[in-house]
Amino acid sequence: MNNYELTIILEGKTTPAKKKVYLESLEKQVKLFKGKVGKVEDWGVKEMFHSIRKNTEGYYLIANLEMDTKAIKQLETKLRMDETILRHLIIKK
């Protein structure tokens, strides 16, 4: 198992209820791949330098993950397909 940091940018209009639902969904996906979600940092709404899909603000979430390499690749594929995510970045710690 390796440690990763996942950064996600959601639309700036994301409500706390939608954020909670999304985090629960993320935890379910990680558990399906036999991984663990550690500390989740909520950076809130930040202004972006460039607009992404006509959004000038994004809601930033940073999560620590513990997963296998094959599982992280599968998770990244799922994240690419998710239309609620403007951008994501996974780095190995």
- Task: Give the residue that is surrounded by the fewest Cβ atoms within 10 Å (Cβ to Cβ), with candidates limited to residues of region 74-93 that are outside any helix (DSSP H, G or I) and out of contact with any Phe, Trp or Tyr (no Cβ under 8 Å at 6 or more places or on another chain).
- Result: Glu83
- Query: Within region 1-57, can you find the residues that are polar (S, T, N, Q) and over 18 Å from Asp82 (Cα atoms)?
  - Reply: Asn2, Asn3, Ser51, Thr56
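Filter the strands (runs of 3 or more DSSP E) completely within region 1-67 down to those with at least 3 residues that are hydroxyl-bearing (Ser, Thr, Tyr), touching a residue at least 24 places away in the same chain (Cβ under 8 Å) and on the phi < 0 side of the Ramachandran plot.
Those strands (runs of 3 or more DSSP E) span 55-67.
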- When you go through (1) touching an Asp or Glu at 6+ places or on another chain (Cβ under 9 Å); (2) part of a helix (DSSP H, G or I) one by one for Ala71, which number turns out not to apply? (1)
- Message: Checking Val45 against (1) in contact with a helix residue (DSSP H, G or I) (Cβ under 6 Å, 6 or more places away or on another chain); (2) farther than 22 Å from Lys92 by Cα, only one condition comes out false. Which one?
- Response: (1)
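The numbers here are math on the coordinates, done by the rules we state, and not lab data. A quick note: this is a predicted structure, and the numbers were derived from the prediction, not measured. All Cβ positions, glycine included, derive from the backbone under ideal geometry; neighbour counts span all protein chains shown.
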